[in-house]
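Engineer: Okay, handing you the structure first.
The values are calculated or read from the model by the stated rules, or taken from the named source; none is laboratory data. A quick note: this is a predicted structure, and the numbers were derived from the prediction, not measured. Cβ coordinates were reconstructed from backbone atoms using ideal geometry, including for glycine residues, and neighbour counts include every protein chain displayed.
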Amino acid sequence: MTTVGFVGLGNMGGPMATNLAKAGFTMKVFDLVPVLIAGVKGAAGASSASDAASGVDVFISMLPAGRHVEGLYLGDSGVAGILKKDALVIDCSTIDPGTARRVATALAVKGITMLDAPVSGGTAGAQNGTLTFIVGGTAAGLDRARPILQAMGANIYHAGESGAGQIAKVCNNMLLAVLMAGTAEALALGVKNGLDPAVLSEIMQKSSGGNWALNVYNPWPSVQENSAASRGYSGGFLTDLMTKDLGLALETAMQSGSSIPMGSLARNLFTTHATLNGAGRLDFSSIQWLYAPEVRR
Ligand code: NAD
């Protein structure tokens, strides 16, 4: 049976690792926060990232940002020196394409294949095993990864060569930020003018303004029972992570000479929200506060 090492057991990595254990893979898991290690049922806890990497066939990371990924693989006690020569590495974190390519190149020198495989679908997708994987790397590497990814997700896309998965993910999240800010703005306008947010949401969902943020991740409290907005904006996808992704979009735009006026505005809105409202550790749909302070509790 394929053995899998998994590092980074936060909001996303924890449920993803749990689904792999449920699917029957032999797992060794590690996080800097010990209680998260114990939370992955059916997996052996590792004492360090190196311990999780030692002897495994496949090694997966799900970390916050590029500096964490670079440190994990290429840092002083990085796992690049621990992994088996024929190991397959899958980094599911959302990071800058440059770091993804740099780490993949350094591992390739040692004979290790690395894929960038950022995900979409949120914490619900991680828990339900319905994530979308957006993969950059070789087709042969993706073929090896498929049985692992299928145990955690419902859709797998090959975006192109190393780093391409991260570029596609950055484009997607920039669009999501624009849609979430626009949805919050439209709901606040309607409510200010006497409309019920649930009625307005239903009308727009069935009209041309319908979009994922409005339809399944509604930012107004109590419009949807299981939304982050209905639980005080806790958990979910943190505003800090969205501002990180919008920073990646800006970097990618600058490197390629692309104009991203809507993405730049979204980045400023979410950054203002994080700093002004102290909302960095809340779900990103709390951007609704900027437009309608009354939803803040
Ligand atoms: P999180 O902050 O909940 O989890 C990250 C985990 O990594 C933490 O538990 C932390 O302790 C651990 N960690 C950091 N450095 C480590 C190291 N050197 N060794 C071991 N563990 C380490 O973040 P998350 O929400 O799970 O997101 C992870 C990645 O997935 C991010 O890149 C994010 O942008 C992306 N993402 C998140 C969502 C979402 O809805 N939360 C959706 C899609 C993509």
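Engineer: Could you check segment 80-123 and list, in sequence order, the residues that are in contact (Cβ under 8 Å) with a residue 40 or more places away in the chain and aliphatic (A, V, I, L, M)?
Structural biologist: Leu88, Ile90, Ile95, Ala100, Ala104, Met114, Leu115, Ala117, Val119
Engineer: Among the residues of segment 136-151, is any in a loop (DSSP other than H, G, I, E, B), under 30 Å from Ser227 (Cα atoms) and of a type outside the set (Phe, Trp, Tyr)?
Structural biologist: Yes, segment 136-151 contains at least one residue that is in a loop (DSSP other than H, G, I, E, B), under 30 Å from Ser227 (Cα atoms) and of a type outside the set (Phe, Trp, Tyr).
Engineer: Does segment 64-101 hold any residues that are within 11 Å of the ligand (Cβ to nearest atom), at pLDDT 95 or above and over 20 Å from the mean Cα position of the chain (by Cα), and which are they?
Structural biologist: Gly75, Gly78, Val79
Engineer: Which condition number does Ala186 fail, the rest of (1) at pLDDT 95 or above; (2) in the same structural domain as Gly8 (by TED's automatic domain parsing); (3) away from the ligand (no atom under 15 Å from the Cβ) being met?
Structural biologist: In the conditions (1) at pLDDT 95 or above; (2) in the same structural domain as Gly8 (by TED's automatic domain parsing); (3) away from the ligand (no atom under 15 Å from the Cβ), Ala186 misses (2) alone.
Engineer: Just to confirm my filter: which helices (runs of 4 or more DSSP H) fall fully inside segment 1-66 and include at least 1 residues that are touching a helix residue (DSSP H, G or I) at 6+ places or on another chain (Cβ under 8 Å) and under 24 Å from Lys85 (Cα atoms)?
Structural biologist: 13-22, 49-53
Engineer: Only one of these is surrounded by fewer than 17 Cβ atoms within 10 Å (Cβ to Cβ), under 26 Å from Asn19 (Cα atoms) and more than 16 Å from the ligand (Cβ to nearest atom): Ala108, Ala140, Ala104, Ala124. Name it.
Structural biologist: One residue alone meets the criteria, Ala140.
Engineer: Follow-up question, since we're still on this one. Being buried (at least 23 other Cβ atoms within 10 Å of the Cβ) and assigned to a loop (DSSP other than H, G, I, E, B) is the filter; apply it to segment 111-121 and report the residue that is nearest to the ligand (Cβ to nearest atom).
Structural biologist: Pro118
Engineer: Continuing with this model, one more query. Mind checking which pairs have a first residue in segment 1-13 that is touching a residue at least 60 places away in the same chain (Cβ under 8 Å) and within 8 Å of Ser61 (Cα to Cα) and a second that is more than 6 Å from the ligand (Cβ to nearest atom) and not hydrophobic (A, V, I, L, M, F, W, C), Cβ under 6 Å, 6 or more apart or different chains?
Structural biologist: Taking only residues 6 or more apart or on different chains, the pairs are Val7/Ser61; Gly8/Ser61.
Engineer: Please go through segment 229-263 and give me each residue that is within 14 Å of the ligand (Cβ to nearest atom), touching a residue at least 40 places away in the same chain (Cβ under 8 Å) and among the β-branched types (Val, Ile, Thr), ordered by number.
Structural biologist: Once the filter is applied, which keeps residues that are within 14 Å of the ligand (Cβ to nearest atom), touching a residue at least 40 places away in the same chain (Cβ under 8 Å) and among the β-branched types (Val, Ile, Thr), segment 229-263 yields only Thr239.
Engineer: Moving to a separate point now. Among the residues of segment 1-25, what is the count of those that are over 18 Å from Asn128 (Cβ atoms), near the ligand (Cβ under 7 Å from one of its atoms) and surrounded by fewer than 21 Cβ atoms within 10 Å (Cβ to Cβ)?
Structural biologist: 0
Engineer: Here are some residues: Asn226, Asn211, Asn215. Which one is modelled with pLDDT under 95 and over 16 Å from the mean Cα position of the chain (by Cα)?
Structural biologist: The conditions single out Asn226.
Engineer: Output yes when any residue across segment 40-60 is within 13 Å of the ligand (Cβ to nearest atom), surrounded by fewer than 23 Cβ atoms within 10 Å (Cβ to Cβ) and within 29 Å of Thr243 (Cα to Cα), and no when none is.
Structural biologist: Among the residues of segment 40-60, not one is within 13 Å of the ligand (Cβ to nearest atom), surrounded by fewer than 23 Cβ atoms within 10 Å (Cβ to Cβ) and within 29 Å of Thr243 (Cα to Cα), which makes the answer no.
Engineer: Among the residues of segment 96-132, write down those that are touching a Pro at 6+ places or on another chain (Cβ under 8 Å) and within 15 Å of Ala168 (Cα to Cα).
Structural biologist: Asp116 - this is the single residue of segment 96-132 that is touching a Pro at 6+ places or on another chain (Cβ under 8 Å) and within 15 Å of Ala168 (Cα to Cα).
Engineer: Can you name the residue in segment 215-228 that is within 15 Å of the ligand (Cβ to nearest atom) and among the aliphatic types (A, V, I, L, M) and is also surrounded by the fewest Cβ atoms within 10 Å (Cβ to Cβ) among such residues?
Structural biologist: That would be Val216.
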